[in-house]
1. Give me the extension gain from R231 to A176: residue separation times 0.36 nm, minus the current Cα-Cα distance, reported in nm with one decimal.
2. Among L220, L242, L19, whose mean-square fluctuation peaks in a Gaussian network model of the chain (Cα, cutoff 10 Å)?
3. Relative to the longest principal axis of the C-alpha atoms of the chain, give the angle of the C-alpha long axis of helix 226-236, reported between 0 and 90° and rounded to the nearest 10°.
4. What percentages, rounded to whole numbers, describe P(r) for the chain computed over all alpha carbon pairs with 5 Å bin width beginning at zero?
5. Considering the alpha-carbon set of the range 122-271 alone, what are its Rg and its Dmax in angstrom?
6. Helix 57-67: angle to the longest alpha-carbon principal axis of the chain, degrees 0 to 90, nearest 10?
7. In which sequence would T130, T245 go, from the one with the fewest C-beta neighbours within 10 Å to the one with the most?
8. So if we plug the beta-carbon distance of D39 and R104 into 1/(1 + (r/R0)^6) with R0 = 22 Å, what FRET efficiency do we get, rounded to 0.05?
Amino acid sequence: MAALPPFPPSATWMPLVELALAEDLGTGDVTSAAVLPADLEIAVVVEAREPLVVCGLRVAEAVFLAVDPELQVEPLAAEGGRADAGQPLIEVRGSARSALAAERTVLNFLGRLCGVASFTRRFVDTVAGTGVAIVDTRKTLPGFRSLDKVAVATGGGTNHRAGLYDAILIKDNHVAAAGGVGPAVKAARASAPPHLQIQVEVESEEQAEDALEAGAQLLLLDNRSLPELRRLAERFRDRIPLEATGGVRLEQVRALAETGVHRISIGALTHSAPNADLAIEVIPREAAEQRRR
């Protein structure tokens, strides 16, 4: 397994945990309060219901502990590893009311993060051997940018810019407003901080030449056909990195990778990843004790 990306600081996602718990718990879990004795203790496991890439164990632990700091939370799987259906990922021991109050929020976060990581891994596996990087976009769930991007990286993908502030990406609308690819890139070169990478969208070989002459550092090829990508790659791949993008689907990503581009950016990694199927199950006390021996 490749080295994992650093997990984002809790300050970037803990407010989401607090918001999620507040909207789910409200004034309290009336079902558990009515059915379960206050002093009842149980053991539960969070388990995969389908094969998946594990991502978000730290967030799940934070949810449990935010509900009840006395809960004992033990990860049973490795972040970034593959889990089979039925495999336990986390064991939790302590108050039955607390563990079950956290259930849905835990599964919502893990379903999202494992889902993005698993979907990304499918794209990465499909282009294996081509040397092409699978790259994410800013099409993330609002508020989830840091978590969505770490899920992509955990699945083997590469993160594009985090936001509008950390790289320059001159799109078609910028080009149109600036009066052309060359003027847009030259303006960026003249005024932007030198540490910011300058990428520009081009639609033809002529625009690509203009971009190179003006000092672009990466070309974006949006919704270009396979023949167009091959021609652009033959002419430019040894001169500048090329990134293909535009409605990329799993069934076409291998063909795109084989055109000669260096990377493929895919909004679907985060805007269309299916949630992973997980569940929380109460385990008999005897089984829990046996597991700890």
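1. Details: separation 55, 0.36 × 55 = 19.80 nm, distance 2.40 nm.
Full-extension gain reported as 17.4 nm.
2. L19
3. The answer is roughly 70 degrees.
4. Calculated P(r), rounded to whole percents: 1, 5, 11, 13, 14, 13, 10, 8, 7, 6, 4, 3, 2, 1, 0.
5. Rg then Dmax for the range 122-271, in Å: 15.1, 41.
6. Tilt relative to the chain: about 50 degrees.
7. Working: T130 17, T245 21.
Lowest count first: T130, T245.
8. Here the calculated transfer efficiency is 0.40.
FYI, it's all coordinate maths here, none of it is from the lab. Predicted, not measured: the structure shown is a model, and the values here were computed from it. Ideal geometry is used to build each Cβ from the backbone, glycine not excepted, and the neighbour counts take in all protein chains shown.
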